[in-house]
Structure formats: C-alpha cells, structure tokens
Amino acid sequence: MFNRRATCVSEVLFGVMAALLVTDVSLAAGARQGALVVVGGGQLTDEIVDRFAELAGGRDARLVVIPTASSDSRIPDAVAVAELWRERGIDNTILLHTRDPEQADADAFVAPLRDATAVWIGGGQQSRLAAAYVGTKIQSELQALLKRGGVIGGTSAGAAIQSGVMIESGNPVPKITRGLDLLPNTIIDQHFLQRSRMNRLFHAVSQHPHRMGIGIDESTAVIVTDNRAKVVGASYVTVVTVPESGRPLEICNVGNGGEFELADGTAHPQPRKWAIVVHGGAGTVSKDASAETVQAWRDGLRAALEKGKSIVAAGGTSLDAVEATIRILEDNSLFNAGKGAVFNSAGEHELDSSIMDGRTLDGGAVAGVITVKNPIGLARRVMDKTRHVLLAGPGAEQFATEQNVDRVENAYFSTERRRESWNRVREREANKPVSRISTARPWQYGTVGCVVLDSHGNLAAGTSTGGLTNKKFGRVGDSPILGAGTYADNETCAVSATGTGEQFIRHTVAAQISQLMRHRSWTLKQSAEYVLHERLNKGDGGVIAVDLHGNIVWVYTSPGMFRAAADSSGRFDIRIRDEK
Ligand code: ASP
C-alpha cells in the first residue's frame, strides 16, 4: 500500500486522458537481506551518499566501484568516483572494470566481489554494462552479494542495469534488452522527469505487464530494503503498474520520504514457487476400457510427473525437468512419442520434438527423425549446441550421429497396438477424398508434453510425438514448431499442445496464448480458453500451460486429455477423462 505522500493517477493509455484518482495498490511484502540504492542520475545529494555509505557498513565497508558504463576516455574519471567514497570514510575501495564478457566470467576477476560488502555502479551507457556483464559470473556474484546482506547502488546507467528487462535507449519507443535483474519484476528508468521519459516507460510496461515500472528523476533515489522502496532526494519517483485485469495503467508519483511496496518476490526472489504439468495426448480411453488399462495410463503419467517433480523440487532447472519428464514418456510404449509412436503412410515412424527456454527464448527442435531413441534429447542439443532452432530429416539424423545420442532401428518404435490402429485408419481413409481425411480424425492419442516453472522463476516447455496415424511421409506437425505446439516466455507462460497439428500451426496456438497475456494483459486461463474455444474448432485438441506465477491451466476440446500436475503447494494430480 502506498503511504499518504504517494499521489496516484489512473491513466487511459499513454497519458492522454489522465484522471486524478487515489488508488491503493496492495502488493504483498516479502523479506530481503540486501539493499539497493537506485539513483536517477544528476547530482548525488548528501542524503543519498550518506545512506549508501551507512548501508555499505560505514568505515568497515569493502566497496567495489564498477565504472564500465563510461566511455573508454572517461574511465579515468572513475578514480574520482572512488575518491568520493573515500571522502565518506570508505577507504577500502577498489575499481573493477572490463569490456570482455569472458574476463567477467573468470573466477580471478570476480574475486573482489566475493569479499565486498557494497558495489557502486557508475553512470554512462547501460548497453556497455549489459554487453560486458549480463549472463556472466559478475551477475551471479552481484546477486550473491545481495543475498548475504550487501548493498548495491548505482546511478543513471548504473540504475537502469539493475532491472531484468532493461530500457537500453529510445524515446518514446524504447529499445529493450536484458539487464542484471537485481530488482526482479521491475523496469527501471532514470533522468525520468528531466528527460520526459514517461512515454517510453508506459510502452515498456505495456509490453511487460507483469513488471512494475519505476521512473526515477535526477538527484533522487529509490532505496530498497525489506521489500519496501523508500524515496530519498530532490524530485519524484513515478511508479507504473498494469492491474491484473488489464488496462488502465496505474501511475503513482512518490516524493522525498514516500514509500511504496514492491510486488511479492521482487526484492527477495527466493524461495520461489515451482509448478510442473505433463500431458500424454488429447483424447481418452474408451468407456469400457479395463481398470488395468486405465491404471497403466495413470502409472505412465505418474512416473513422468514424479521424475520432473523430483528435479524441480530440488531446485533444478525447468529445462532439465522438461527433458527428463519427456524422456520417461518417450520410453513408455503407451504414448505416441519415442517407443510406441504411430505409423505413417509408409508404415514407418517419423518423430518430431521441440524444447524452449522461456528465459532466453532459445529453442531447439527436430522433425522427421527415424532412428533417434529420445527426440527430446536431440532437440535440446539443437538448442544448446547449434545456432539453429530446427533440424529436419537427414540433417537431423546426421546431427544425432555427431552428438553420439542413443540410436535404434526404426522398428524399435513399433507396437502391435499402433499397427492395428494404423490398419484401421488406412481402411477408413482408403476411399475418402484427401481433403476430408485430416478433419475426420479419431483420437490417435499419446503425444506427450511438459511445461515447468522452476524455483528460479524460469519457464520451459517441450513436446514430443510420432504425429498423426497414417500421416503422409514427410509430414511435419505442430510439435516441433515453436509458437505452434510449444512455447515458453518467462514474461508470460509456457505451453505444450496436442491435437490436430495443422490447426495448431495455422493458429500459432502456443504463441498466441502468450501474446494475449502480454498484449491484452489477460490471465493465462482467459488466454488459453479463448484460443482453444474461440479460434480452434471443437475437437482439435488441447494445451497444458503454466504462467510466470505458477498458475496451472489445461484446456481441451477433445474428449478428455491425459494430464497431470504438481506444484510447490503440494498439488499432485493425475487425470484422464473429463473429471474436473
Ligand atoms: N499434434 C500432433 C501432431 O499433429 C499430434 C497429437 O498431438 O496427437 O503431430
């Protein structure tokens, strides 16, 4: 809740029809060990300097000054910055600087940070800081310093770099890249009122509606301790949020001495929620299936879910959990992925798979592989070991050889059950005009997928399939197409689909769900239900999804969907039929 000094305005997009209105933005508080001093540039006031020196530990402080945002010709001026802190009694002050990310990743280089109580990041251009330090050991050491109770301060570029979604340049349309993510779930802007940067922050927050925009004017600081942000200085801080339900933006100006609460998990990201969802294809077992058959499907889902859960509950990554979960399903002959894959029109098996990392938007996929035992593992290697996203057919097979992954004869994937259903489908489709075949589809269930939010806040998604029974030789479905059958974006959600692949490709189903969250600020449930019920045809299939907060959703228009979910609140849930 904002205190009385915070004036709040609710604004209908981009400042045109602003109406004054006092609002309560209630955001849950968490605990924090470290502190941040985020300064909007300009002259540093005595109060800001004193507060930083005090948080740093006063005379006992061990301070590292990072001048990397400066141009080469101005780096020597950084010595003067170090001098400023010495004047304030922090004698133990050293400079740390490189332009080379490889050096920034070297243990010897980051060693001073391990011993520091405080870091000061000077101004200049934030792109220089990002190019040298994002994704390196400098970033993890800064996060470690906060965790053990240290303080990080920065001004101008040294303020901008502290958010994860960083405004690099541009006004009114911002160019956005990645920052150091020291104050998660925020977008920080600086020189805010002086340089009229309202519009670019509104743009940035509209595109990243789950982040709080914090526009800090010159000679003004936001001091973050214990999940509360206090404003100190000569001017104002403008806080911009998108309420859960969508527009309008809420805008609050906070002056000297004013405070505001950060979103839950902003100042203290650990421990986070985790969640995992698995699917084993659209459709369901027939009404008169034996209890053993139903149990076998449930056991298959349970084994996969338990594997993924064990990884993510122990703090493992979403990517590792997705890959391991799908491998279990690929090795289970009940499912239409890996062993047990359906037959194509040539009586063979061609497998498709993909995996996507919501943190980086990197992805890897393979299509039409015929001897790769676990296609999801090869998809992961496409992501990790090549500069490409999708390898198909003979090229993918050759890559499998280079990577030395497990290989099998194509007949390894065959099962009697799938052969019988291939024969049935062939008979049924034999006399139909080609145009009618794909829609007159009985449920050839068993495609598998998994989506995970890990305890580090990273989303990932993966899907693996043998495709549709009797599919034309060379046909590729939605499962290996990022945006169609698989999608993950840390800012929104992770999705894995199953059903008539052609429909999921036409409607870019997985990406569309994410885009509705991003651009319309819809919830995951609203977005998934809209796409499945309003855009697709009844019977096309379903999706599983998890959003950045750990909300789990499954939506399908097929008769049932094999699905299971677990999360950090103790949920462990396996379903096959239409039970809610
Ligand atoms: N979507 C998959 C495909 O079209 C099949 C399925 O999910 O059942 O290849």
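Just so you know, all these numbers are worked out from the coordinates, no wet-lab data involved. Just so we're clear, the structure is a prediction, and the values are computed from it rather than from any experiment. Note: ideal-geometry Cβ built from the backbone for every residue, glycine included; neighbour counts use all protein chains shown.
For V173 and T557, compute 0.36 nm times the residue count separating them, minus their Cα-Cα distance, and round to one decimal in nm.
Gain on extension, V173 to T557, equals 134.3 nm.
For the chain, which longest stretch is free of loop sites, where a loop site is one of the GluC sites (Glu not before Pro) that DSSP puts outside H, G, I, E and B and that has at most 13 other Cβ atoms within 10 Å?
Here the longest run is 1-243.
At R0 = 25 Å, how high is the FRET efficiency between Q207 and D362 if r is their beta carbon distance? Nearest 0.05 is fine.
Between Q207 and D362 the formula returns 0.80.
Mean 1/r over all different Cα pairs, inverted: what Kirkwood radius does region 46-195 give, in Å?
15.4 Å
Could you work out the percent of alpha carbon pairs in the chain separated by over 36 Å, rounded to a whole number?
I get 41 percent for the Cα pairs in the chain exceeding 36 Å.
Along the charge dipole of the chain, Cβ charges K/R +1 and D/E -1, which of T486, N470, S354 sits furthest on the positive end?
N470
Filter K147/K309; K147/K273; K472/K525; K472/K538; K339/K525 down to the pairs with a C-alpha to C-alpha distance above 28 Å, please.
K472/K525; K339/K525
Could you work out the mean projected area of the convex hull around the alpha carbons of region 382-432, in square nanometres to one decimal?
Seen from a random direction, the Cα hull of region 382-432 projects 5.6 nm² on average.
How many angstrom separate the Cα center of region 129-185 from the Cα center of region 462-507?
The distance from the Cα centre of region 129-185 to that of region 462-507 comes to 35 Å.
Would you kindly state how much longer the chain becomes between Q33 and N404 on full extension, computed as 0.36 nm times their sequence separation minus their alpha carbon distance, in nm to one decimal?
Value of the extension gain: 129.0 nm.
Per the Kirkwood treatment, what hydrodynamic radius in Å, one decimal, follows for region 442-580 from the mean inverse distance over all distinct Cα pairs?
14.9 Å
Got the relative contact order for the chain handy, in percent, Cα pairs under 8 Å and 6 or more residues apart?
So the answer I get is 14 percent.
For region 42-116, which semi-axes, largest first and in whole Å, follow from the square roots of 5 times the eigenvalues of its Cα gyration tensor?
23, 17, 9
Arrange the following residues from fewest to most other Cβ atoms within 10 Å of their Cβ: W297, W120, W422.
W422, W297, W120
Roughly how many debye, to the nearest 20, is the charge dipole of the chain about its Cα centre, given +1 on each Lys and Arg Cβ, -1 on each Asp and Glu Cβ, and no other charges?
So the magnitude is around 1460 debye.
Could you pull out every one of the lysines with an alpha carbon less than 17 Å from that of K471, ignoring same-chain neighbours closer than 8 positions?
Those lysines meeting the cut-off are K432.
Relative to the present Cα-Cα distance, how much length would full extension add between E259 and R228 at 0.36 nm per residue of separation?
Contour length minus the Cα-Cα distance gives 10.5 nm.
So what's the angle, to the nearest 10 degrees on a 0 to 90 scale, between helix 46-56 and the longest Cα principal axis of the chain?
Here the helix axis deviates by roughly 60 degrees.
For L453, L201, L390, L536, which order do you get if you count the other beta carbons within 10 Å of each Cβ and list the fewest first?
L390, L536, L201, L453
Which residue, chosen from L95, A321, G542, occupies the Cα position most advanced towards the positive end of the dipole of the chain, where the dipole is computed from +1 (Lys, Arg) and -1 (Asp, Glu) charges on Cβ about the Cα centre?
Ranked along the dipole, the leading option is G542.
Where in region 467-549 are there chymotrypsin sites (Phe, Trp or Tyr not before Pro) that are in a DSSP coil and have at most 16 other Cβ atoms within 10 angstrom of their Cβ?
Passing both the DSSP loop test and the Cβ count: F473.
So, R0 is 30 Å and r is the distance between the beta-carbons of R419 and H533; what FRET efficiency does that work out to, to 0.05?
Calculated value: 0.30.
For the pair A303/A346, report the inter-label distance in nm, with labels modelled 7 Å from Cα in the Cβ direction.
3.1 nm
Nearest-5 percent of antiparallel DSSP beta bridges in the chain?
Of all bridge pairs located within the chain, approximately 75 percent are antiparallel.
Under the Kirkwood approximation for Rh and a Cα-based Rg, what ratio Rg/Rh is obtained for region 163-302?
Reported Rg/Rh (Cα atoms, Kirkwood Rh): 1.26.
What spacing in nm lies between the two simple spin-label points modelled at D91 and A106, each 7 Å away from Cα in the Cβ direction?
3.0 nm
How large is the Kirkwood hydrodynamic radius of region 182-244, counting all unique pairs of alpha carbons, in Å?
11.9 Å
Quick one: helix 318-330 against the long Cα principal axis of the chain, what's the angle to the nearest 10°, folded into 0 to 90?
Its long axis makes an angle of about 10 degrees.
Add -39500 (n - 2.57) for each DSSP H run of 4 or more in the chain, then divide by its residues: what number comes out at 222 nm, to the nearest 500 deg cm²/dmol?
Value at 222 nm, helices only, nearest 500: -8500 deg cm²/dmol.
Enter the angle in degrees (range 0 to 90, nearest 10) between the Cα long axis of helix 137-147 and the first principal axis of the Cα atoms of the chain, meaning the one along which they spread out most.
Rounded to the nearest ten degrees, it is 70.
Please arrange M356, M517 by counting, for each residue, the other beta carbons lying within 10 Å of its beta carbon, fewest first.
With the sparsest Cβ surroundings first, the list reads M517, M356.
Given a Förster distance of 60 Å, report the FRET efficiency between R506 and R59 from their Cβ-Cβ distance, rounded to the nearest 0.05.
0.35
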